[in-house]
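S.K.: I am attaching a structure below and will ask some questions about it afterwards.
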Amino acid sequence: MNGSPSPLRRGVRGEVLSDQESANTMSHHKTSASYWLSLFLTLCLSFTTTTVASADDVKLSFVFLGCNRIQHKDWKIIQKDDPSSANLPQLKQTFTDIAGLKQKPSMLFFTGDLVLNLADDDGTTLKGQLDAWADLYKKSPINGKLRLVPFTGNHEVLRKLKEEDDEEVPNKHCGPVFTKWLKKSGFDTFANAANGPTAGHPKDDHLVDDQSELTYSFDVGDIHFVVINTDTLSDVVDPKTKHPYAGWIPYNWIEKDVEAAQANKKTSAIFLLGHKPIQRHPHHEEDAIVNEGDYKLGNKLVKLFAANDKVRAYLCAHEHLWQCDTFDKAPKVYQVIAGNGGSQLNSKWKPNGGTFYGFSQINVYASGKVGLTNYKRALPPPPQKYFEGTPVAPKPALPDPEQVLFSGS
């Protein structure tokens, strides 16, 4: 009512305020409310910005490459100076390049064909070459700075029936030699868990010896890795060679392992690594994982990848080239062939800009994003041979822009 007195207004201590004092107090409260709202919004924005930035942080980084050994005819000439049979100039430059990466990797996967071997012996040739290779690595700038994870290629576990023949068959002596070398050299960080398949287990994989440290799996944080010996010794005979198949894999063990990782709520991504490709390059010069007759092992792997959406990529080598592409029947999963580590390159490979040596790096981000960077190094100029370091020494490999393999959840 117009004639009624105004209600009493009190301050924070309970004192009675005049109309003017009351007005001043209300104005102060409005100013304070405005201040606190502004501060609240600023903090919210800051929190949001910090969250977005942290989502781009790299939570795991690793590098991989394969196929650095040189040709037999070339090794014959220089083996006194190079008992490892590695392409020394390229290998040493790669070690130096990895040591200088801005994003430091925690692991280096060497995806097979570290050495030449293929000798039809009891593993003596393999042992000598591997020991010399280990000596090289231990003098490198990355020794002790990351975990080296070397595994078998065909040159580590197969043999040639005739030196001049291209036909390769399993050598039963070489698997045990390789695992002993891993332990002796301290390269068995993950292999020593020995959680892989063994003779007769799983039964349908037809294994005749212990493969538990050649094919195995492990976790780094929430990332699951599966390492595969793509020339596993089995009792299944190839009708063409009358010997056990080259290119055999323990598919049933792999299937169970991948499905278990897929079902594990703590696992966010799965990477598989092997030497031989599953899907052939259009200009391939080498074989792939067995995929013929009753043994469509390659097709089974691709089907497995398509059915498990945590699988991000299969990383391999064997073909002496570099390629990154998705599987035809698993279009969300990539096959990366990084067989350009230093071996004589595939003569049919003609990439834009010319052929190159190098290595690859994968970064897994906190957001779940997976990025791939291809590091490229020019070949020696003719007439200098591919394994020679003079008169032109290898230059540091330069990165292509990062390619996103998976955009994140």
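S.K.: Go through the residues of segment 280-297 one by one and say whether even a single one is touching a strand residue (DSSP E or B) at 6+ places or on another chain (Cβ under 6 Å) and under 24 Å from ILE362 (Cα atoms).
M.R.: Checking segment 280-297: at least one residue is touching a strand residue (DSSP E or B) at 6+ places or on another chain (Cβ under 6 Å) and under 24 Å from ILE362 (Cα atoms).
S.K.: Pairs, please: C-beta under 7 Å, at least 6 apart or cross-chain, first residue touching a residue at least 12 places away in the same chain (Cβ under 8 Å) and under 12 Å from TYR386 (Cα atoms) and in segment 333-358, second aliphatic (A, V, I, L, M) and surrounded by fewer than 20 Cβ atoms within 10 Å (Cβ to Cβ)?
M.R.: As it stands, the answer is THR355/LEU379; PHE356/ALA378; PHE356/LEU379; TYR357/LEU379, since those pairs meet every condition given.
S.K.: If I go through segment 327-368 residue by residue, how many of them are assigned to a strand (DSSP E or B) and over 21 Å from the mean Cα position of the chain (by Cα)?
M.R.: Total meeting the criteria: 0.
S.K.: Now, a different point. With the requirement that a residue be surrounded by fewer than 18 Cβ atoms within 10 Å (Cβ to Cβ) and among the aliphatic types (A, V, I, L, M), what does segment 75-100 give you?
M.R.: Selection gives ILE77, ILE78, ALA99.
S.K.: Could you list, ordered by first residue, the pairs with Cβ atoms under 9 Å in which the first is in segment 99-111 and on the phi > 0 side of the Ramachandran plot and modelled with pLDDT under 95 and the second is acidic (Asp, Glu) and surrounded by fewer than 22 Cβ atoms within 10 Å (Cβ to Cβ), at least 6 apart or interchain?
M.R.: That search, which allows pairs on different chains as well, returns nothing.
S.K.: Something else: Name the single residue that is surrounded by the most Cβ atoms within 10 Å (Cβ to Cβ) among those in segment 147-185 being touching a residue at least 40 places away in the same chain (Cβ under 8 Å) and hydroxyl-bearing (Ser, Thr, Tyr).
M.R.: THR152
S.K.: Also, I was wondering about something else. Yes or no: GLY221 surrounded by fewer than 16 Cβ atoms within 10 Å (Cβ to Cβ), within 16 Å of the chain's Cα centre (by Cα) and of a type in the set (Gly, Ala, Ser)?
M.R.: yes
S.K.: Another question, then. In segment 129-142, which residues are more than 18 Å from ILE78 (Cβ to Cβ) and either among the hydrophobic types (A, V, I, L, M, F, W, C) or out of contact with any helix residue (DSSP H, G or I) (no Cβ under 6 Å at 6 or more places or on another chain) (or both)?
M.R.: Hits for segment 129-142 are ALA134, TYR137, LYS138, LYS139, ILE142.
S.K.: Mind checking whether some residue in segment 139-146 is surrounded by fewer than 21 Cβ atoms within 10 Å (Cβ to Cβ), touching a residue at least 24 places away in the same chain (Cβ under 8 Å) and more than 20 Å from the chain's Cα centre (by Cα)?
M.R.: yes
Listed here are the residues, each with its yes/no results for (1) touching a Lys or Arg at 6+ places or on another chain (Cβ under 8 Å); (2) more than 17 Å from PRO202 (Cβ to Cβ); (3) among the charged types (D, E, K, R).
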site	(1), (2), (3)
THR232	no, no, no
VAL236	no, no, no
THR241	no, yes, no
ILE254	no, no, no
GLU259	no, no, yes
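S.K.: Could you tell me which numbered condition GLN211 fails, if it satisfies all but one of (1) without any contact (Cβ under 8 Å) to a residue 40 or more places away in the chain; (2) in contact with a helix residue (DSSP H, G or I) (Cβ under 8 Å, 6 or more places away or on another chain); (3) part of a loop (DSSP other than H, G, I, E, B); (4) surrounded by fewer than 23 Cβ atoms within 10 Å (Cβ to Cβ)?
M.R.: (4)
S.K.: Right, here's the next one. Only one of VAL149, VAL227, VAL177 is touching a Leu at 6+ places or on another chain (Cβ under 9 Å), modelled with pLDDT of 95 or more and in a helix (DSSP H, G or I). Can you tell me which?
M.R.: VAL177 is the lone residue from the list that is touching a Leu at 6+ places or on another chain (Cβ under 9 Å), modelled with pLDDT of 95 or more and in a helix (DSSP H, G or I).
The values are calculated or read from the model by the stated rules, or taken from the named source; none is laboratory data. Here the structure is a predicted model, which means the values were calculated and not measured. Cβ coordinates were reconstructed from backbone atoms using ideal geometry, including for glycine residues, and neighbour counts include every protein chain displayed.
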